[in-house]
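A single structure is presented below for examination.
The values are calculated or read from the model by the stated rules, or taken from the named source; none is laboratory data. Keep in mind the model is a prediction, meaning the values are calculated, not measured. Glycine gets a Cβ as well: all are built from the backbone with ideal geometry, and neighbour counts include every protein chain shown. The protein model used for the area step is the full one, side chains on, heavy atoms only, and it has no ligands, DNA or RNA in it. Shrake-Rupley method; radii C 1.70, N 1.55, O 1.52, S 1.80 Å.
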2 protein chains.
Amino acid sequence: MDQVRFGVIGIGSMGHMHMEELFAGKIPGAVLTAVCDIKPDRLEWAKGVCGDSVSYFLDSRELIRSGLVDAVMIATPHYFHPIIGIDAFENGLNVLSEKPIGVYTKKVREFYDAARKSGKAFGIMYNQRTDPHFQTIRKIVQSGELGELKRAVWIITNWYRTQSYYMSSGWRATWAGEGGGVLMNQCPHNLDLWQWIVGMPNAVYANCDFGKYHDIEVEDDVTAMVKYPNGATGVFITTTGEFPGTNRLEISGSKGRIIYDDGDVYYLKLAMDERDFTAGDRRGFAKIPIESDELLPLDGAGEGHNGILKNFTNHILYGEELLAPGYDGINGLSIANAMLLSSETKKWVELPNDGEEFWELLQKKIATSKAKPDAGIVLDTRGTYGNK
Amino acid sequence: MDQVRFGVIGIGSMGHMHMEELFAGKIPGAVLTAVCDIKPDRLEWAKGVCGDSVSYFLDSRELIRSGLVDAVMIATPHYFHPIIGIDAFENGLNVLSEKPIGVYTKKVREFYDAARKSGKAFGIMYNQRTDPHFQTIRKIVQSGELGELKRAVWIITNWYRTQSYYMSSGWRATWAGEGGGVLMNQCPHNLDLWQWIVGMPNAVYANCDFGKYHDIEVEDDVTAMVKYPNGATGVFITTTGEFPGTNRLEISGSKGRIIYDDGDVYYLKLAMDERDFTAGDRRGFAKIPIESDELLPLDGAGEGHNGILKNFTNHILYGEELLAPGYDGINGLSIANAMLLSSETKKWVELPNDGEEFWELLQKKIATSKAKPDAGIVLDTRGTYGNK
């Protein structure tokens with residue numbers, strides 16, 4: 001294969017961008033050959049953009065079986081990611097899914113089974129993994145340079161959305177249509193990066209407020225605490241109701257501290273491990289010598305969505321290592337599910353778990369879910385999914 | 001009265017400093033006339049410093065009944081603050097207590113009853129209330145300038161202590177001697193300022209780790225979340241096991257955000273209330289115009305301990321309003337007690353409450369408490385109790 005033929009499924013707020021970038025030839029080795037959306041007017045619009053070189057489908061099953069594509073980019077509402085993905089794997093296609101990988105882990109496990117069985121390439125659109133800031137932080141933590149993890153706090157409250165955002169599509173911010181709020185739509189990136197950098201917590205406790213700042217069913221304000229296997233703790237705070245909000249990730253280890261704050265990374269390195277220092281000190285209020293404390297020279301936010309598309313394409317064509325394997329999608333999702341479940345039960349939720357208890361909660365929520373009018377607006381999302 | 005005659009009770013790590021400042025005449029209108037400590041060698045040391053103009057006592061009851069003092073500054077281990085304070089009020093003295101006002105709220109209520117009955121001046125050494133940074137933040141929040149409170153997060157992890165600190169006195173960091181760890185010793189300031197600025201939460205959930213970073217019985221690592229009566233949320237994170245740690249208080253309101261970060265105050269003011277903006281917007285991803293976003297020109301940390309001593313003296317002499325009334329002491333203490341109780345029960349603790357449940361927990365903890373050797377060290381605390 002010297003070219004990957006892509007079909008984009010779902011050309012709403014995110015998908016129409018992927019379609020345009022692929023069509024414009026921005027992804028070397030990739031070519032757009034098919035587009036699918038359940039809304040005829042959107043397909044009409046797509047025809048106006050891409051013309052006759054691309055085929056158009058109202059049903060993803062037809063696109064998948066058309067013989068026109070080697071890979072699908074799935075950008076539908078979240079519930080359909082595993083459903084369509086499984087169908088694509090079963091038909092021998094490579095699958096790149098928008099985040100989140102699904103709404104609940106039980107279904108995601110079926111997705112993973114299909115992926116493994118097919119042996120095809122499986123990626124997830126974790127575009128923020130291309131960001132050199134987070135890549136650098138991860139390297140410092142994962143290499144052991146920061147020492148033993150003590151704490152990982154992320155205040156990520158800069159996902160401000162007004163009421164009209166939630167009115168743009170009928171599925172948005174409903175239990176039946178989206179399956180969650182800020183945890184499901186905005187935070188998959190942060191939940192993924194959090195665990196990508198410091199690893200998975202093994203227990204989660206959270207308070208979620210539903211429709212606190214918007215007239216919606218789902219959570220728009222979350223405060224969560226977590227515990228890690230080594231005893232370290234973490235906090236995750238998010239909302240779509242604060243402006244301008246904060247984006248600050250602070251990670252403390254026994255050898256130093258690293259802070260991501262709105263595009264800047266500050267790295268403080270101790271001259272010795274705090275665990276060794278405290279054992280040897282006799283002065284009570286002693287301070288540990290600091291080796292360095294600096295703003296790291298990092299620039300730009302990486303290649304973002306196109307970076308993931310390129311990497312996925314190169315993975316298929318040349319075996320390049322995947323930056324965001326689809327199999328990683330369950331990690332952040334497990335944390336999100338645990339937060340919602342804990343908020344409901346008011347108990348710590350252990351991780352990993354089989355996802356059954358969250359699935360039951362979700363069914364209860366869906367049963368109460370009310371349809372809302374669909375304004376049919378395709379939002380211009382450019383500039384809204386970065387890290388700042 | 002044209003001069004307040006002070007007796008300092010307890011001249012360990014904090015008290016010896018109050019003694020020296022009073023003796024040096026640093027507090028206009030105040031004069032040091034008596035000093036008390038249960039340790040004869042400390043009294044010997046005090047005699048060497050203050051000489052014959054001051055009287056010395058091994059028993060606080062004798063100092064209180066000596067007729068030599070109008071006011072006592074109590075700087076004993078925490079459990080004795082209410083016990084000695086009540087004795088002083090019952091003997092017609094004015095009382096300034098070191099923080100915390102006590103170890104559990106049940107006892108503090110008795111302290112308050114005695115204070116009210118006496119009608120004498122009652123203060124608490126909340127020296128950080130003299131800090132212009134916190135005074136300014138409080139004014140902005142309390143005046144309504146920040147709008148409706150949404151969130152108040154304090155990461156206060158810069159209370160680093162090595163193991164040798166905890167070995168300096170036998171009572172330190174034991175349930176029987178101190179009644180708690182970082183919440184009882186280091187954080188009373190922060191818990192007080194937090195509630196002084198944004199008001200009291202009405203529910204608390206916490207995870208406290210005991211002896212996590214030190215060989216001690218009590219908590220040295222705490223993560224807590226709170227809820228406020230208006231639905232706002234908060235987080236409080238502290239430890240004595242991180243270096244250099246962070247001191248960052250972030251308060252979000254519907255009209256802006258104010259951040260205290262290690263001595264700097266950043267105030268961002270929105271051009272309109274977010275609640276009004278979201279209702280009127282039709283663009284989904286819209287941004288609220290920012291009226292101003294600046295580092296406030298604030299300097300210094302205020303007069304600290306001496307500021308409180310001066311204010312207390314002026315209150316007695318001239319009726320100056322108390323900056324830190326003793327009656328405020330129960331607020332931060334209630335939060336601290338609730339954090340420990342919640343961590344034990346793994347349930348949200350409502351505030352206010354009668355303190356009975358925490359008292360029972362404390363008795364259980366005390367029953368397991370082990371004495372530890374007393375190194376008899378008087379720590380030099382100068383420079384350790386500021387806000388940086």
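Condition first: out of contact with any Phe, Trp or Tyr (no Cβ under 8 Å at 6 or more places or on another chain), at the interface with another protein chain (Cβ under 10 Å from one of its Cβ atoms), of a type outside the set (A, V, I, L, M) and more than 21 Å from A:L340 (Cα to Cα). Now tell me which residues in the stretch A:210-249 satisfy that.
Those that are out of contact with any Phe, Trp or Tyr (no Cβ under 8 Å at 6 or more places or on another chain), at the interface with another protein chain (Cβ under 10 Å from one of its Cβ atoms), of a type outside the set (A, V, I, L, M) and more than 21 Å from A:L340 (Cα to Cα): A:G231, A:T246.
With respect to B:D273, determine if the residue is more than 8 Å from chain A (Cβ to nearest Cβ) and surrounded by fewer than 24 Cβ atoms within 10 Å (Cβ to Cβ). Even if it seems obvious, please write down each step before you answer.
Values: more than 8 Å from chain A (Cβ to nearest Cβ): yes; surrounded by fewer than 24 Cβ atoms within 10 Å (Cβ to Cβ): yes.
Yes, satisfied.
Same structure again: Checking A:T313 against (1) touching a residue at least 60 places away in the same chain (Cβ under 8 Å); (2) part of a loop (DSSP other than H, G, I, E, B); (3) touching a Pro at 6+ places or on another chain (Cβ under 9 Å), which single condition isn't satisfied?
(2)
Taking the stretch B:65-79 as the search range and keeping residues that are out of contact with any strand residue (DSSP E or B) (no Cβ under 7 Å at 6 or more places or on another chain) and in contact (Cβ under 8 Å) with a residue 24 or more places away in the chain, which one is nearest to B:V35 (Cα to Cα)? Don't jump to the end; show me each part of the working.
Looking only at the stretch B:65-79, we keep the residues that are out of contact with any strand residue (DSSP E or B) (no Cβ under 7 Å at 6 or more places or on another chain), and these are B:65, B:67, B:77-79.
Still in the list and also in contact (Cβ under 8 Å) with a residue 24 or more places away in the chain: B:65, B:77-79.
Values: B:R65: 13, B:P77: 16, B:H78: 18, B:Y79: 19 Å.
Going through the qualifying residues, I end up with B:R65.
Separate question: Quick test for you: out of B:A114, B:A88, pick the one residue that is without any contact (Cβ under 8 Å) to a residue 60 or more places away in the chain and buried (at least 24 other Cβ atoms within 10 Å of the Cβ). Outline the logic, then answer.
Working: B:A114 fails: buried (at least 24 other Cβ atoms within 10 Å of the Cβ).
Just one listed residue meets the conditions, B:A88.
For the stretch A:260-269, state whether one or more residues are open to solvent by less than 30 Å² (accessible area, probe 1.4 Å) and facing another protein chain (nearest Cβ under 9 Å).
Restricting attention to the stretch A:260-269, the residues satisfying the condition of being open to solvent by less than 30 Å² (accessible area, probe 1.4 Å) are A:260, A:263, A:265, A:267-268.
So of that shortlist, the ones also facing another protein chain (nearest Cβ under 9 Å) come out as A:268.
So far as the stretch A:260-269 goes, yes, one or more of its residues are open to solvent by less than 30 Å² (accessible area, probe 1.4 Å) and facing another protein chain (nearest Cβ under 9 Å).
Let me ask you something else. So how many residues does the stretch A:345-364 have that are in contact (Cβ under 8 Å) with a residue 24 or more places away in the chain and closer than 26 Å to B:T233 by Cα?
7
On to the next question. Condition test on B:S334, is it within 14 Å of chain A (Cβ to nearest Cβ), open to solvent by less than 40 Å² (accessible area, probe 1.4 Å), part of a helix (DSSP H, G or I) and not aliphatic (A, V, I, L, M)? Can you show your working first?
Numbers: within 14 Å of chain A (Cβ to nearest Cβ): no; open to solvent by less than 40 Å² (accessible area, probe 1.4 Å): yes; part of a helix (DSSP H, G or I): yes; not aliphatic (A, V, I, L, M): yes.
Judged against the criteria, B:S334 is not a match.
Now, a different point. Those residues that are within 13 Å of chain B (Cβ to nearest Cβ), crowded, with 17+ Cβ neighbours inside 10 Å and modelled with pLDDT under 95, I need them from the stretch A:287-309; list them, please.
Let us first name the residues in the stretch A:287-309 that are within 13 Å of chain B (Cβ to nearest Cβ), namely A:287-293.
Checking which are crowded, with 17+ Cβ neighbours inside 10 Å leaves us with A:288.
Correct list: empty.
So, one more: From B:V31, B:V35, B:V69, B:V54, which residue is at pLDDT 95 or above, farther than 19 Å from B:F312 by Cα and touching a Lys or Arg at 6+ places or on another chain (Cβ under 9 Å)?
Selected residue: B:V54, the only one of B:V31, B:V35, B:V69, B:V54 that is at pLDDT 95 or above, farther than 19 Å from B:F312 by Cα and touching a Lys or Arg at 6+ places or on another chain (Cβ under 9 Å).
Answer with yes or no whether B:L193 is open to solvent by less than 10 Å² (accessible area, probe 1.4 Å), over 22 Å from B:T345 (Cα atoms) and away from chain A (no Cβ under 14 Å).
On the way: open to solvent by less than 10 Å² (accessible area, probe 1.4 Å): yes; over 22 Å from B:T345 (Cα atoms): yes; away from chain A (no Cβ under 14 Å): yes.
So B:L193 passes the test.
Hey, another quick one. Just to check your reading of the model, which residue among B:G25, B:G12 is in a loop (DSSP other than H, G, I, E, B) and at pLDDT below 95? Even if it seems obvious, please write down each step before you answer.
Details: B:G25 fails: at pLDDT below 95.
Of the residues listed, the single one that is in a loop (DSSP other than H, G, I, E, B) and at pLDDT below 95 is B:G12.
Another question, then. Identify, by number, the condition in (1) assigned to a loop (DSSP other than H, G, I, E, B); (2) open to solvent by 10 Å² or more (accessible area, probe 1.4 Å) that A:K139 doesn't meet.
Unmet condition: (1).
Next question, about the same structure. Which residue out of B:P132, B:P188 is crowded, with 24+ Cβ neighbours inside 10 Å and either over 13 Å from B:I258 (Cα atoms) or more than 14 Å from chain A (Cβ to nearest Cβ) (or both)?
Numbers: B:P132 fails: crowded, with 24+ Cβ neighbours inside 10 Å.
Sole residue among the options that is crowded, with 24+ Cβ neighbours inside 10 Å and either over 13 Å from B:I258 (Cα atoms) or more than 14 Å from chain A (Cβ to nearest Cβ) (or both): B:P188.
Does any residue of the stretch A:151-160 turn out to be more than 14 Å from every other protein chain (Cβ to nearest Cβ) and either in contact (Cβ under 8 Å) with a residue 24 or more places away in the chain or closer than 23 Å to A:F243 by Cβ (or both)? Even if it seems obvious, please write down each step before you answer.
So the first thing to find is which residues in the stretch A:151-160 are more than 14 Å from every other protein chain (Cβ to nearest Cβ), and the list is none.
No: the stretch A:151-160 contains no residue that is more than 14 Å from every other protein chain (Cβ to nearest Cβ) and either in contact (Cβ under 8 Å) with a residue 24 or more places away in the chain or closer than 23 Å to A:F243 by Cβ (or both).
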